[in-house]
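Let me begin by presenting the structure, written as structure tokens, before commenting on it.
The values are calculated or read from the model by the stated rules, or taken from the named source; none is laboratory data. Computed from a prediction, not measured in an experiment: that's the story for all the values here. All Cβ positions, glycine included, derive from the backbone under ideal geometry; neighbour counts span all protein chains shown.
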Amino acid sequence: MKAYALLGGPTDLWPKDIKEKLANADLIIGVDRGALFLEELGIIPDVAVGDYDSLQKKDLQRIESNISDIRYSNPVKDWTDSELMLRVAFEDYHADELVILGATGGRIDHFLINLLMVLNPEIRCYAEKVTLVDKQNLICFFDAGEHLIKKQASYPYIGFAALTAVEDFNISGALYELKHYSGDYPRIFSSNEFLANSNQFKISSQKGVIAAIYSKDINRFHNL
């Protein structure tokens with residue numbers, strides 16, 4: 001089952017084909033204001049998760065009247081709505097993969113929560129099933145081991161972020177290779193590329209969580 005979740009991040013950072021992406025979903029989850037955004041797109045989510053403190057009463061009533069599965073969280077809580085959504089997607093609905101939209105931009109603390117929530121020990125087992133997508137980036141996660149990194153259409157660049165301490169991190173078969181890196185603090189290895197005649201390369205590590213960040217440039221002058 002492929003699930004999509006829409007969070008409440010800025011709408012101008014959504015991928016342009018967001019409706020097409022959601023049309024291919026087996027399960028759609030609205031997280032807090034994301035549930036309202038979905039309704040405004042003409043899409044009724046299968047489930048909504050949140051404390052809904054960002055919504056006006058009339059908007060919450062609209063959601064409650066249209067969505068069959070509403071999950072309410074306490075605004076004073078240890079887990080964020082995003083973390084709770086992961087548990088719902090994987091533990092209640094048994095999703096095989098989850099694409100998260102609306103997770104970037106706006107408040108930096110919110111973005112960091114959405115990026116780093118896969119490190120929560122209780123949901124880290126789902127990290128490799130999670131992908132974050134906006135109009136410029138696609139982020140996925142890899143635990144220790146050997147992984148084949150495949151080229152994604154429209155993303156010419158790829159970088160890697162060591163989100164935890166890592167041991168023996170290697171990149172082989174890419175434009176810029178890395179051999180036997182170990183470190184005990186988060187570190188970014190940015191602006192790598194696939195070789196011209198290849199659509200894949202390998203990464204490996206003995207320990208740690210690595211984020212792969214596919215990205216593309218956006219013309220800053222397209223409105224001038």
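If you go through segment 149-193 and keep only what is among the aliphatic types (A, V, I, L, M) and within 27 Å of Asn120 (Cα to Cα), you end up with Ile149, Ile158, Ala161, Ala162, Leu163, Ala165, Val166, Ile171, Ile188. Taking the conditions exactly as written (assigned to a loop (DSSP other than H, G, I, E, B), in contact with a strand residue (DSSP E or B) (Cβ under 6 Å, 6 or more places away or on another chain), surrounded by 14 or more Cβ atoms within 10 Å (Cβ to Cβ) and not charged (D, E, K, R)), does Ala89 satisfy them or not? It is false that Ala89 is assigned to a loop (DSSP other than H, G, I, E, B), in contact with a strand residue (DSSP E or B) (Cβ under 6 Å, 6 or more places away or on another chain), surrounded by 14 or more Cβ atoms within 10 Å (Cβ to Cβ) and not charged (D, E, K, R). Scanning segment 23-37 for residues being surrounded by 14 or more Cβ atoms within 10 Å (Cβ to Cβ) and either out of contact with any helix residue (DSSP H, G or I) (no Cβ under 8 Å at 6 or more places or on another chain) or farther than 28 Å from Asp96 by Cβ (or both) gives a total of 3. For segment 50-63, a residue qualifies if it is over 12 Å from Pro75 (Cα atoms) and outside any helix (DSSP H, G or I), and the qualifying residues are Leu55, Gln56. Yes or no: Gly159 out of contact with any Cys (no Cβ under 7 Å at 6 or more places or on another chain), surrounded by 12 or more Cβ atoms within 10 Å (Cβ to Cβ) and at positive phi? Against the criterion (out of contact with any Cys (no Cβ under 7 Å at 6 or more places or on another chain), surrounded by 12 or more Cβ atoms within 10 Å (Cβ to Cβ) and at positive phi), Gly159 does not qualify.
To keep it simple, each residue is scored yes or no on (1) part of a loop (DSSP other than H, G, I, E, B); (2) within 21 Å of Leu27 (Cβ to Cβ); (3) not assigned by TED's automatic domain parsing to the domain that holds Trp14.
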| position | (1), (2), (3) |
| --- | --- |
| Leu98 | no, yes, no |
| Phe111 | no, no, no |
| Tyr126 | no, yes, no |
| Ile149 | no, no, yes |
| Glu167 | no, no, yes |
| His180 | no, no, yes |
| Tyr185 | yes, no, yes |
| Ser190 | no, no, yes |
| Lys202 | no, no, yes |
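Per-residue answers, yes or no, for (1) surrounded by 16 or more Cβ atoms within 10 Å (Cβ to Cβ); (2) hydroxyl-bearing (Ser, Thr, Tyr); (3) modelled with pLDDT of 95 or more; (4) more than 24 Å from Trp79 (Cα to Cα):
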| position | (1), (2), (3), (4) |
| --- | --- |
| Glu122 | no, no, no, no |
| Leu132 | yes, no, yes, no |
| Asn137 | yes, no, yes, yes |
| Val166 | yes, no, yes, yes |
| Gly173 | no, no, yes, yes |
| Gly183 | no, no, yes, yes |
| Ala196 | no, no, no, yes |
| Ile213 | yes, no, yes, yes |
